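This report refers to the structure that appears directly beneath it.
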Amino acid sequence: LVEVDSSDLIGAYVGQSEEKTKAVLDKAMGGVLLVDEAYALANSDYGKQAINVMLKRMEDDRDKFVLIATGYEKEMEEFFATNTALKFRDNHAWDYNFGSTTNPSSFPSYFHRMQNQFQKRYLQSFPI
């Protein structure tokens, strides 16, 4: 599992977002890339470059990694609306309410339930 946020993907100059995003994607090959608060990428041109790089790799390496984009429901709806290609990817939204406190130890059981629910279609290569 490689966990990042927008600061790990967005560069400070033209071309740096592409470099940073490719490096993160390379690291995630064969596993899972979790982009926390992914909607923040849509707020800048450099962030949109990162989205485009991720979209290309999602197509080119579709069976080599899983990308999970997380964020608040309303902001994620806006995120998906910023790039029409995001709508055509094999994406699904799951509402996971952590309540007032987030307990990271609950993630394995959540992903296990998700894996069973979707009959290992999306995470079949990544045992939990």
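No value in this document is a laboratory result; all are computed from the given coordinates. A quick note: this is a predicted structure, and the numbers were derived from the prediction, not measured.
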List the residues whose amide H sits under 5 Å from the amide H of Leu67, counting only those 5 or more places along or on another chain, with H placed 1.01 Å from N in the peptide plane.
Leu33
Show which aspartates and glutamates lie in cross-link reach of Lys64 when reach means a straight Cα distance below 19 angstrom and same-chain residues fewer than eight apart are skipped.
Glu3, Asp26, Asp90
Would you please give the residues with an amide H less than 5 Å from that of Ile10, counting only those at least 5 places away or on a separate chain, with H modeled from the backbone geometry?
none
In terms of the Cα gyration tensor, with a ≥ b ≥ c the square roots of its eigenvalues, is region 1-54 rounded because a/c is under 1.5, prolate because a/b exceeds b/c, or oblate?
oblate
